[in-house]
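Presented below is the structure to which this report refers.
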Amino acid sequence: MNDRREYSNEELGAMSVARNEHQNWIELLRDRLAGRWAVALPASIVMGCLASLACWYVVPASYESSGLIEVDARRGVVVSRLPEENESSRTFTMYLQNQINLIRSERVREAAIESPELRSLRLTRSGESLINSIERNLEVSIPSRSYQIRVSYTDTSPLAAMEVTNAVMLSYIEIHGNSRGSELDQTSQNLRLEKQANRDRLQAKRDELQDLIRRSQDGMGDVSGIMQRLAEERQAMLADQERIQEVMSTLERSSIDAGIGVAEMTGDEMPVPSPEELEAFDPRLVAMREAILRDQNDLDKIRPRLKESHRLVRKLTLGIETQQRSLEDAIEQARAGWYAGPGQALSYRNLQLERDRLKDRLLTRRERMQQLQRHQAQYVQIQKDIGVLEEDYANLEGRLTSVEREAPYIGDRIKIVQDATEPVATGNRRLQVAGVAFFGGIAAVLGGFFVIGSVDQRAFAVRQLKSEGDGFQCLGVIPDTTRSDSDPDLLNIAMTCVHRLRNKIESIRTRGEGGYVILISSPFQGDGKTTLATLLGHSYATAGFRTCLVDCDFIGRSLSHHFEELKSEGLKEVIMGSDLTEQLVQVDEGKLSLLPIGLDDRVDAAMMQSEVTASLLASLRADFDFTIIDTGPLTGSIESTPIATNVDGVLLALRKGRSRTPLRRCVRDLHELGARYLGVVLNYADRSDYRDVSSISKSIDQVIREEAEGIRKKNALAESLRTRGSSTYE
């Protein structure tokens with residue numbers, strides 16, 4: 001049998017959303033605590049330990065003492081087995097629950113505090129604190145399958161636990177255990193009094209309802225139907241009022257069009273009757289139109305067969321014309337009669353009078369509806385009060401019946417069968433508080449570091465730059481080569497990372513006529529952009545591209561300093577008109593060239609206008625396959641903006657541990673400038689960031705050496721297949 005459950009598309013979608021949300025929270029936590037785990041984890045554990053130790057010593061140990069009270073129901077007390085369930089046993093269980101409430105009552109607590117048993121305790125504690133402690137720590141319960149009541153009290157002092165337990169049980173016995181059936185009698189009397197009071201209140205409400213109906217002019221209580229009818233009539237009057245106002249507005253516009261102001265209207269103005277109104281006034285018009293229509297149909301039927309001069313055609317044509325003139329005369333007579341008759345009701349003066357009458361009727365109707373609403377609200381409230389009182393009366397009746405049924409079975413022989421026991425230490429609360437404090441301390445410290453990480457969002461790991469939400473488009477990493485002395489393979493790994501970065505750029509860059517120009521910048525000074533430009537230039541030159549490095553950092557001049565060309569002419573001279581090829585410096589025997597910053601003091605960053613930049617880049621595209629330009633930080637240098645808008649792509653470098661906020665601002669600025677942003681490279685990365693490229697193949701010499709030394713062995717299966725194949729060929 002296949003127990004595998006098939007999930008619907010909605011369930012699969014919900015599970016996928018939940019999984020993504022869970023993953024997003026994990027990624028958010030890792031992002032905010034990246035680079036801070038080494039401090040956050042020890043600090044959180046230390047804080048958790050300190051908090052748990054503090055709570056362990058601050059929260060005192062607790063001691064519990066308990067005693068037993070037995071209630072005799074004029075039958076043998078059965079502790080091991082209760083009698084079978086019947087009305088009597090249910091009544092007795094209710095009685096025990098009532099005794100529990102009496103033991104926990106304020107009267108018993110106050111009597112216990114004033115008792116001689118707590119005289120010594122009152123000398124060390126205030127009365128209010130003692131009352132609060134008893135109210136909070138006193139437990140009263142019925143042991144399982146028993147007619148006994150267990151009273152227990154927990155306190156930080158073992159002696160106080162015993163004294164309070166005994167004092168509470170003795171006070172309960174003195175107050176509620178010595179008067180046979182007194183509480184039942186008192187309860188019955190109170191219930192009867194409350195029942196009579198409830199009956200009086202119920203009758204008063206019913207009288208109030210009858211009085212409301214008598215005072216109503218409609219002679220009824222529920223007037224919701226009348227309110228509905230009046231509301232419908234009011235809607236009809238509002239529609240009539242709107243219609244009258246529309247006719248009056250039409251008459252006013254007609255008078256204004258005729259050059260007569262509204263104030264100059266005589267009041268006899270009437271609207272032009274519609275054809276329907278004229279037909280209703282004079283039914284002859286309908287018959288005349290139908291006669292004309294019949295003759296016209298007959299004429300249309302014979303016209304295709306007869307000439308226009310035919311007697312029948314001429315007769316029908318003449319008859320239709322005569323009827324048309326008669327219809328026009330009849331219409332004029334009907335219009336005159338309509339103006340003299342029904343039209344008078346639609347005169348401007350009569351419409352004003354009708355509008356005023358409707359306004360008065362609407363006002364009267366609104367007052368009437370408000371009166372009915374008040375009446376209905378009183379009626380609903382009285383009915384609600386009657387329902388509540390009837391329910392209370394039924395409850396009181398049931399309680400009184402229960403108490404009267406209880407009386408024959410319940411006696412008042414209550415006694416203490418076990419005094420307060422020796423206090424037992426209960427340390428669970430201390431342990432629980434310490435555990436909560438431990439995890440609370442850890443959560444508080446991690447939360448603090450999370451807040452710090454939210455405010456100061458630094459790039460400690462490459463996955464932080466690969467987040468889709470930030471749009472950084474991380475292209476790769478460059479390892480921290482300052483540790484190459486302790487890791488001989490680090491330089492090879494670093495160059496592998498550079499080559500992979502070059503391949504990524506090649507896969508996304510647009511290919512066209514002429515060379516490709518890329519700008520390398522950064523949000524901060526010291527992010528390693530010059531190192532990145534140098535390494536990337538060597539990578540392109542090694543791959544066979546005619547490559548040129550251009551130093552456009554007018555302040556830092558790091559690229560010129562790296563190649564020891566600070567005293568050579570270069571970019572500044574080209575800007576002032578010198579030939580580009582004369583200022584180039586061959587870096588090595590390969591295809592890599594350098595254009596230093598230059599020496600001309602007349603040229604500064606302010607001269608890097610868009611036209612100058614475009615002309616320079618055109619020359620570089622003509623002579624080189626790939627050009628890499630190094631400028632100052634993107635947000636702090638003057639020359640970076642005009643260059644970024646003219647190059648084919650912009651690559652940003654970010655040092656590990658630097659804030660991502662300026663990087664995010666740089667990316668936004670590039671998009672606003674319309675520059676093509678290629679991505680960001682994490683510089684000075686550690687092993688966790690370039691682990692995926694650090695596993696490179698070993699050289700054949702190293703493999704042979706390891707096999708000779710016994711460190712490495714050939715695969716047995718592959719070796720057997722090779723040997724078998726050799727023997728087969730032989």
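Annotation: of all residues in the range 537-582 being over 56 Å from the mean Cα position of the chain (by Cα) and part of a helix (DSSP H, G or I), the one that is nearest to ASP601 (Cα to Cα) is LYS572.
Among residues of the range 512-524 being at pLDDT 85 or above and not aromatic (Phe, Trp, Tyr), the one that is farthest from PHE554 (Cα to Cα) is GLY515.
Of the residues making up the range 495-547, just one is among the acidic types (Asp, Glu), more than 24 Å from ASP588 (Cβ to Cβ) and without any contact (Cβ under 8 Å) to a residue 24 or more places away in the chain, namely GLU513. The set of residues in the range 669-689 that are of a type in the set (Lys, Arg) and in contact with a Gly (Cβ under 9 Å, 6 or more places away or on another chain) contains only ARG676. I'd like the residue in the range 671-691 that is within 32 Å of the chain's Cα centre (by Cα) and not in a strand (DSSP E or B) and, out of all such residues, is farthest from ALA494 (Cα to Cα). So, considering only residues that are within 32 Å of the chain's Cα centre (by Cα) and not in a strand (DSSP E or B), the one farthest from ALA494 (Cα to Cα) is GLU672. Taken as a whole, the structure leaves ASN166 outside the set of residues that are within 30 Å of GLY387 (Cβ to Cβ), polar (S, T, N, Q) and crowded, with 17+ Cβ neighbours inside 10 Å.
Taking the stated definitions as given, is SER640 touching a Leu at 6+ places or on another chain (Cβ under 7 Å) and surrounded by fewer than 20 Cβ atoms within 10 Å (Cβ to Cβ)? Criteria not met by SER640.
Could you grab me the full set of residues in the range 520-533 that are polar (S, T, N, Q) and surrounded by fewer than 23 Cβ atoms within 10 Å (Cβ to Cβ)? GLN525, THR531, listed by residue number.
For the range 463-479, the condition of being at pLDDT 75 or above and among the β-branched types (Val, Ile, Thr) holds for at least one residue. Within the span defined as the range 405-414, one or more residues are surrounded by 13 or more Cβ atoms within 10 Å (Cβ to Cβ), of a type in the set (Asp, Glu) and at pLDDT below 80.
Here are some residues: ASP669, ASP625. Which one is under 17 Å from VAL517 (Cα atoms), of a type in the set (D, E, K, R) and surrounded by fewer than 19 Cβ atoms within 10 Å (Cβ to Cβ)? Just one listed residue meets the conditions, ASP625. Do the conditions hold for CYS49, that is, is it modelled with pLDDT of 85 or more, more than 14 Å from ILE142 (Cβ to Cβ) and either in contact with a strand residue (DSSP E or B) (Cβ under 9 Å, 6 or more places away or on another chain) or part of a helix (DSSP H, G or I) (or both)? Answer is yes for this residue. Scan the range 359-369 and tell me whether some residue there is in contact with a Leu (Cβ under 8 Å, 6 or more places away or on another chain) and over 30 Å from LEU230 (Cβ atoms). No, the range 359-369 has no match at all. Within the range 539-595, the set of residues being under 18 Å from THR631 (Cα atoms) and among the basic types (Lys, Arg) comprises ARG557, LYS572.
Among the residues making up the range 429-451, those that are over 11 Å from ALA40 (Cα atoms) and either surrounded by 13 or more Cβ atoms within 10 Å (Cβ to Cβ) or assigned by TED's automatic domain parsing to the domain that holds TYR684 (or both) are ARG429, ARG430, LEU431, VAL433, ALA434, GLY435, VAL436, ALA437, PHE438, PHE439, GLY440, GLY441.
Residues checked against (1) closer than 22 Å to ARG502 by Cβ; (2) of a type in the set (Val, Ile, Thr); (3) outside any helix (DSSP H, G or I); (4) modelled with pLDDT under 85:
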{"site": "ASP601", "(1), (2), (3), (4)": "no, no, yes, no"}
{"site": "GLU611", "(1), (2), (3), (4)": "no, no, no, no"}
{"site": "SER615", "(1), (2), (3), (4)": "no, no, no, no"}
{"site": "ALA618", "(1), (2), (3), (4)": "no, no, no, no"}
{"site": "ILE628", "(1), (2), (3), (4)": "yes, yes, yes, no"}
{"site": "GLY632", "(1), (2), (3), (4)": "no, no, yes, no"}
{"site": "THR635", "(1), (2), (3), (4)": "no, yes, yes, yes"}
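Yes/no per residue for (1) more than 23 Å from ARG206 (Cβ to Cβ); (2) in contact with a Phe, Trp or Tyr (Cβ under 8 Å, 6 or more places away or on another chain); (3) of a type in the set (Ser, Thr, Tyr):
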residue: ARG368; (1), (2), (3): yes, no, no
residue: TYR379; (1), (2), (3): no, no, yes
residue: ILE382; (1), (2), (3): no, no, no
residue: LEU389; (1), (2), (3): no, no, no
residue: ALA394; (1), (2), (3): no, no, no
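Beta carbons closer than 7 Å, at least 6 apart along the sequence or on distinct chains, pair a first residue in the range 251-276 that is under 22 Å from ALA340 (Cα atoms) with a second that is among the small types (Gly, Ala, Ser) and surrounded by 12 or more Cβ atoms within 10 Å (Cβ to Cβ) for MET265/SER255; GLY267/SER347; ASP268/SER347; GLU269/SER255; GLU269/SER347; MET270/GLY343; MET270/SER347; PRO273/GLY343. Which residue, of SER133, SER129, SER144, is surrounded by fewer than 22 Cβ atoms within 10 Å (Cβ to Cβ) and assigned to a loop (DSSP other than H, G, I, E, B)? Exactly one of SER133, SER129, SER144 is surrounded by fewer than 22 Cβ atoms within 10 Å (Cβ to Cβ) and assigned to a loop (DSSP other than H, G, I, E, B), namely SER144. Pick out, from the range 261-359, the helices (runs of 4 or more DSSP H) lying fully within it that include 3 or more residues that are over 25 Å from ILE244 (Cβ atoms). Output list reads 284-302, 311-340.
Within the option set SER326, SER347, being surrounded by 14 or more Cβ atoms within 10 Å (Cβ to Cβ) and either among the charged types (D, E, K, R) or modelled with pLDDT of 85 or more (or both) holds for one residue only, SER326. Quick check on GLN235: is it out of contact with any helix residue (DSSP H, G or I) (no Cβ under 7 Å at 6 or more places or on another chain) and not hydrophobic (A, V, I, L, M, F, W, C)? Yes. Would you check if ASP648 is in contact (Cβ under 8 Å) with a residue 12 or more places away in the chain, among the acidic types (Asp, Glu) and surrounded by fewer than 22 Cβ atoms within 10 Å (Cβ to Cβ)? For ASP648, the condition - in contact (Cβ under 8 Å) with a residue 12 or more places away in the chain, among the acidic types (Asp, Glu) and surrounded by fewer than 22 Cβ atoms within 10 Å (Cβ to Cβ) - is met.
The values are calculated or read from the model by the stated rules, or taken from the named source; none is laboratory data. This one's a predicted model, so the numbers in the text were calculated from it and none came from an experiment. Note that each Cβ is placed from the backbone with ideal geometry, even for glycine, and that neighbours are counted across all protein chains shown.
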